[in-house]
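Since the structure comes first, as structure tokens, the remarks are kept for the end.
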Amino acid sequence: MTISYLNKEFNVVRDDSRCIKCQVCARQCANNVHRYDEEYDEMCSDGGDCAACQRCVTLCPTGALSVQRNTSQLREHFNWTSDVQRNIVKQAETGGVLLSGMSTDRPHPIYWDRILLNASQVTNPSIDPLREPMELRTYLGRKPDRVELDHSGGTPTLRNPPGPQLKLEVPMMFSAMSYGSISYNACLSLARAARSAGTYWNTGEGGLHRDFNEFGPCTIVQVASGRFGVTPQYLMAGAAIEIKIGQGAKPGIGGHLPGEKVSKSISETRMIPVGSDAISPAPHHDIYSIEDLRLLIYALKEATNYTKPVCVKIAAVHNVAAIASGSVRAGADIIAIDGLRGGTGAAPTVIRDNVGIPIELAIAAVDSRLREEGIRNQASLVCAGGIRGSADIVKAIALGADAVYIATSALIAMGCHVCQKCYTGRCNWGIATQDPNLVRRLNPEIGARRLSNLLRAWSHEIKELMGGMGVNAIESLRGNRHHLRGVNMSDTELKILGIEPAGG
Amino acid sequence: MRDQRYIPSGCAISGIMSEEGRLLDGTMIMDSIANMHFRANGLGGGFAAYGIYPEQKDYYALHMMFDSPKGKDDAEEFLARYFVVRFDERIPFRRVAAIKNRPVLWRYFVTVKEEIKEEFYDFTEEDIVVKAVMEINRTLEDAFVTSSGKNMGVFKGVGYPEDIGEFFKLESYKAYLWTAHGRFPTNTSAWWGGAHPFGLLDWTVVHNGEISSYGINRRYLSNFGYECFMQTDTEVITYLIDLLVRKHRLPIDIAAKVLSAPLWDKIQSMPDDERKLMETLRMTYGGALLNGPFSVVLGSGKMMVGLNDRIKLRPMVAARDKDLVFISSEEAAIRTVCPRPEKVWSVAAGEPVVAVLKDKAA
């Protein structure tokens, strides 16, 4: 093999005056960056391929380590940046498609940061959520156009009860991450946290491990193009079924779980042979049109006797509004839209960084379109892809979402440091790996607690923001763009978002 | 002329109704609302009166305002397309020094043309009236319909309510139901059409408060073809009531639970049937929930309803004395016209006070 022209991306810097040579770093690094040299009784950090995952830094008992960008400086060039050069070199050496994990790291506009929220002053009182009720409960599913009552029995009763609904105590759910892309312990942490917070986690395309059946009532089971693990029992086990058409990080392409990750347990859950690649095709091969989507939606409803809402998850692409509208008319009870900044375990970098549109614009366009068509009540809208905090959630809901999906922030809560190497299977935090020694590092008790804490903290903040706006029920925030103002935006962007400029 | 921005406002409201249909002249309601002079700022006052046109009770009474002779011509041309005008006249007024810059005030008593009913065969007659009123208010530059119900009318303008009442000679009208409004708009644009009550068909709404859910209420209504051109809370409340009660046929007490929904905690402890009903109402009508501080008196040909927001952020007092029901922002405004009512109570959050016209009355 010829020498690689790639320079190391990161250096680990060790403060020898602090290091006690305990070798924690050497034991923790799955990338073999650290080693102990017995002959010289010295710790070395010059091997392997540091991903800047911060595992060693975090666990070093004396704080002796830090990760720094390789300080060997390229001559600066605006067009030929070091990232660009690295990519070319990698491809020149391998002839392959570049892979990335997590969401795009390109500086696409983040519209959340250009949207500001309202608060009450004088003419209406703000509400203190510590003293007054503040309601976040949300129901996802198809709602009737109107309530029809039967008055024959004296007290009025319902003539047209609504179809099956998901009841959320907080307007956030855990987005789809398969068992396979993430570890057993990561799945278990998500499931436990969802149950305790009164919300839902999502199996992704990984099937439902038999141990997780008990979490069925707080589980959304996914049916994707590979149909892994889909059985009648699987469909009945969940609270809702999600048909995955697309993913924000990689619209238009499928998925690939490499065979080396397909352990016995994963093979059983996905119903594929041990060690075989799990390939999800780009399209569903039974969905080549909107009519076909309708067939699958109703096949799933028939299979579950109309007891489960069916969600259709699509990536935010150029004509997302029309696609969402068609999906609602095809029978979807919930539409999940995953934006440009959505995450993934593995995606071709070129797709992750260039395909799709920002979720803010997509949610606004879809909500407006469904309202124009008078069918907004027929499906709930879930906003996914890059939700970073409670303010993003409040803005998403005010733009028109019923709830949000979170995934990357959930991973960060469990220990992820967004090193973007999920696809290597060497996640030092025990999340995106199937290596039993690494998986063991994530304690599901602790993982669940950290996730519950995150949901609780964000709920408190959402309540504070709502109270400031003078509303005490989340349905009064939903689609209420009156409470949003834009800064640093063109008239066109403001128009698509349906909001006024600040000061206007 | 019309401000296209959202207009928050504070206010005084009052309503008096005889459930027996006994006719009262306008002095009682004028005295009541005048008692709350300092809740208004002189930028708007108005009244709604029910039972005032017994002779023309089968015709829709259109109270209109015109800012120019052209506005009147345009409106009459428009009316001729939809309606047969049975009778029309200038709305009588007297000189009041404080009332300045009046529009031309006119009333038309109309019926819907047969051929229009034929053309819009999937509309009810009331739907046609709503459509015509909204079209006039939205498209005609200098014309505005203030009320459009039968045997009722709205009298309103820029000024303190007691001056507006005097200007319109309300002491000469006899009604079984009166509501009144003194306005404290928190912006300075004041035009006659923007005063309250807001009216559509025989619904009228007087309102004190600011609806923090306005943005979604308005978008929710647009699903059902209501276009909010006034940019006021009162308009939104009126359309919501029209939607829920007239179009969706919900009883008023159920509609009140949509507008001022009980808390989930409370719903949780209800008996099964009621709990399911309330859950479904909240799921279905989330966009119709009025959030933020408000107290409202709703008038219609058949009833008067007082409603407070779900956590009572604005004052509202009710009283009953024989056949009379009073609802007001302040107890003093009731006692000034009925010093010792049989019963006086503070209206609970989200619990409607409903006064109903007895069957044989009026």
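Go through the range B:229-278 and give me each residue that's among the aliphatic types (A, V, I, L, M) and part of a loop (DSSP other than H, G, I, E, B).
Residues satisfying the conditions are B:MET230, B:LEU250, B:ALA261, B:LEU263, B:MET270.
Taking B:ILE241, is it within 13 Å of another protein chain (Cβ to nearest Cβ) and surrounded by 23 or more Cβ atoms within 10 Å (Cβ to Cβ)?
Considered against the rule, which asks whether it is within 13 Å of another protein chain (Cβ to nearest Cβ) and surrounded by 23 or more Cβ atoms within 10 Å (Cβ to Cβ), B:ILE241 comes out as no.
Considering each of B:MET230, B:MET270 in turn, give the residue that is away from chain A (no Cβ under 11 Å) and either modelled with pLDDT of 95 or more or more than 30 Å from B:ALA175 (Cβ to Cβ) (or both).
Answer to the check: B:MET270.
Matching residues to (1) surrounded by fewer than 21 Cβ atoms within 10 Å (Cβ to Cβ); (2) of a type in the set (A, V, I, L, M); (3) in the same structural domain as A:VAL404 (by TED's automatic domain parsing):
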position	(1), (2), (3)
A:GLU169	yes, no, yes
A:MET172	no, yes, yes
A:MET177	no, yes, yes
A:SER183	no, no, yes
A:LEU188	no, yes, yes
A:GLY206	no, no, yes
A:ASP211	yes, no, yes
A:ARG227	yes, no, yes
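Across the range A:137-152, what is the total count of residues that are surrounded by fewer than 22 Cβ atoms within 10 Å (Cβ to Cβ) and more than 9 Å from chain B (Cβ to nearest Cβ)?
Result for the range A:137-152: 3.
Which condition from (1) crowded, with 16+ Cβ neighbours inside 10 Å; (2) part of a loop (DSSP other than H, G, I, E, B); (3) touching a Lys or Arg at 6+ places or on another chain (Cβ under 9 Å) is the one that B:ALA348 breaks?
Single failed check for B:ALA348: (1).
Within the bounds of the range A:61-68, is there any residue that is within 14 Å of chain B (Cβ to nearest Cβ), more than 25 Å from A:GLY498 (Cβ to Cβ) and loosely packed, with under 12 Cβ neighbours inside 10 Å?
For the range A:61-68, residues within 14 Å of chain B (Cβ to nearest Cβ), more than 25 Å from A:GLY498 (Cβ to Cβ) and loosely packed, with under 12 Cβ neighbours inside 10 Å: absent.
Could you check how many residues of the range A:333-376 are crowded, with 21+ Cβ neighbours inside 10 Å and among the basic types (Lys, Arg)?
Of the residues in that region, 3 qualify.
For the range B:304-316, which residues satisfy the criterion of being in contact with a helix residue (DSSP H, G or I) (Cβ under 6 Å, 6 or more places away or on another chain) and in a loop (DSSP other than H, G, I, E, B)?
none
Could you tell me whether the range B:213-224 includes any residue that is within 12 Å of another protein chain (Cβ to nearest Cβ), in a strand (DSSP E or B) and buried (at least 24 other Cβ atoms within 10 Å of the Cβ)? Spell out how you get there, then give the answer.
At the first step, the residues of the range B:213-224 found to be within 12 Å of another protein chain (Cβ to nearest Cβ) are B:213-224.
Still in the list and also in a strand (DSSP E or B): none.
No, the range B:213-224 contains no residue that is within 12 Å of another protein chain (Cβ to nearest Cβ), in a strand (DSSP E or B) and buried (at least 24 other Cβ atoms within 10 Å of the Cβ).
Here is a list: A:ALA398, A:ALA336. Which entry is in the same structural domain as A:TRP458 (by TED's automatic domain parsing) and outside any strand (DSSP E or B)?
A:ALA398 is the lone residue from the list that is in the same structural domain as A:TRP458 (by TED's automatic domain parsing) and outside any strand (DSSP E or B).
For residues that are charged (D, E, K, R) and part of a loop (DSSP other than H, G, I, E, B), scanning just the range A:97-121, find the one that is farthest from the other protein chains (Cβ to nearest Cβ).
Among those residues, the one meeting the criterion is A:ASP105.
Examine the range A:481-493 for a residue that is buried (at least 17 other Cβ atoms within 10 Å of the Cβ), farther than 16 Å from A:ALA391 by Cα and either under 25 Å from the mean Cα position of the chain (by Cα) or away from chain B (no Cβ under 14 Å) (or both), and state whether such a residue exists.
Yes, the range A:481-493 contains at least one residue that is buried (at least 17 other Cβ atoms within 10 Å of the Cβ), farther than 16 Å from A:ALA391 by Cα and either under 25 Å from the mean Cα position of the chain (by Cα) or away from chain B (no Cβ under 14 Å) (or both).
Looking at A:ILE351, A:ILE335 in this structure, which one is under 30 Å from A:PRO217 (Cα atoms) and away from chain B (no Cβ under 14 Å)?
Going through A:ILE351, A:ILE335 in turn, the sole match is A:ILE335.
Please find, among A:ILE474, A:ILE462, the residue that is of a type in the set (A, V, I, L, M, F, W, C), within 14 Å of chain B (Cβ to nearest Cβ) and buried (at least 17 other Cβ atoms within 10 Å of the Cβ).
Step by step, each of A:ILE474, A:ILE462 is checked, and only A:ILE474 is of a type in the set (A, V, I, L, M, F, W, C), within 14 Å of chain B (Cβ to nearest Cβ) and buried (at least 17 other Cβ atoms within 10 Å of the Cβ).
Do the conditions hold for B:ALA319, that is, is it buried (at least 21 other Cβ atoms within 10 Å of the Cβ), in a strand (DSSP E or B) and in contact (Cβ under 8 Å) with a residue 12 or more places away in the chain?
Here the answer is yes, as B:ALA319 does meet what is asked.
Take B:PHE66 and tell me if it is within 16 Å of B:VAL154 (Cβ to Cβ) and at pLDDT 95 or above.
Details: within 16 Å of B:VAL154 (Cβ to Cβ): yes; at pLDDT 95 or above: yes.
When the stated conditions are applied, B:PHE66 passes them.
So, A:SER189, is that one touching a helix residue (DSSP H, G or I) at 6+ places or on another chain (Cβ under 8 Å), of a type in the set (Gly, Ala, Ser) and at negative phi or not?
yes
Confirm whether A:ILE272 is surrounded by 22 or more Cβ atoms within 10 Å (Cβ to Cβ) and either farther than 30 Å from A:LEU494 by Cβ or assigned by TED's automatic domain parsing to the domain that holds A:ARG478 (or both).
Taking the combined requirement at face value, the residue does not satisfy it.
Given A:LEU451, A:LEU442, which one is closer than 30 Å to A:ALA26 by Cα and part of a loop (DSSP other than H, G, I, E, B)?
Unique residue meeting the criteria: A:LEU442.
Within the range B:57-66, does at least one residue satisfy the condition of being surrounded by fewer than 16 Cβ atoms within 10 Å (Cβ to Cβ), more than 22 Å from the chain's Cα centre (by Cα) and more than 17 Å from B:THR238 (Cβ to Cβ)?
No: the range B:57-66 contains no residue that is surrounded by fewer than 16 Cβ atoms within 10 Å (Cβ to Cβ), more than 22 Å from the chain's Cα centre (by Cα) and more than 17 Å from B:THR238 (Cβ to Cβ).
Can you find even one residue in the range A:169-186 that is within 17 Å of B:LYS276 (Cβ to Cβ) and of a type in the set (Gly, Ala, Ser)? Give the derivation first.
Step one: list which residues in the range A:169-186 are within 17 Å of B:LYS276 (Cβ to Cβ), which gives none.
No, the range A:169-186 contains no residue that is within 17 Å of B:LYS276 (Cβ to Cβ) and of a type in the set (Gly, Ala, Ser).
Considering only strands (runs of 3 or more DSSP E) fully contained in the range A:19-96, which possess at least 1 residues that are assigned by TED's automatic domain parsing to the domain that holds A:PRO436 and of a type in the set (Val, Ile, Thr)?
Qualifying strands (runs of 3 or more DSSP E): none found.
Among the residues of the range A:163-188, write down those that are more than 14 Å from chain B (Cβ to nearest Cβ), outside any loop (DSSP other than H, G, I, E, B) and in contact with a strand residue (DSSP E or B) (Cβ under 9 Å, 6 or more places away or on another chain).
The answer is A:MET172, A:MET173, A:PHE174, A:ALA186, A:CYS187.
In the set A:ASN160, A:ASN124, which member is within 19 Å of A:LEU477 (Cβ to Cβ), part of a loop (DSSP other than H, G, I, E, B), at the interface with chain B (Cβ under 9 Å from one of its Cβ atoms) and over 19 Å from the mean Cα position of the chain (by Cα)?
The conditions single out A:ASN124.
Find the helices (runs of 4 or more DSSP H) located wholly in the range A:208-321 whose residues include 2 or more that are at pLDDT 95 or above and aromatic (Phe, Trp, Tyr), and list them.
Qualifying helices (runs of 4 or more DSSP H): none found.
Could you please find all residues in the range B:273-286 being over 15 Å from A:GLU135 (Cβ atoms) and facing chain A (nearest Cβ under 7 Å)? Spell out how you get there, then give the answer.
Step one: list which residues in the range B:273-286 are over 15 Å from A:GLU135 (Cβ atoms), which gives B:273-277, B:280, B:284.
Within the range B:273-286, B:ASP273, B:LYS276, B:LEU277, B:THR280, B:THR284 meet the criteria.
Within the range A:377-388, identify whether any single residue is surrounded by 24 or more Cβ atoms within 10 Å (Cβ to Cβ), part of a helix (DSSP H, G or I) and within 12 Å of chain B (Cβ to nearest Cβ), and answer yes or no.
No, every residue in the range A:377-388 fails to be surrounded by 24 or more Cβ atoms within 10 Å (Cβ to Cβ), part of a helix (DSSP H, G or I) and within 12 Å of chain B (Cβ to nearest Cβ).
The values are calculated or read from the model by the stated rules, or taken from the named source; none is laboratory data. Only a predicted model underlies this, so the values are computations on that prediction, with no experimental measurement involved. Cβ coordinates were reconstructed from backbone atoms using ideal geometry, including for glycine residues, and neighbour counts include every protein chain displayed.
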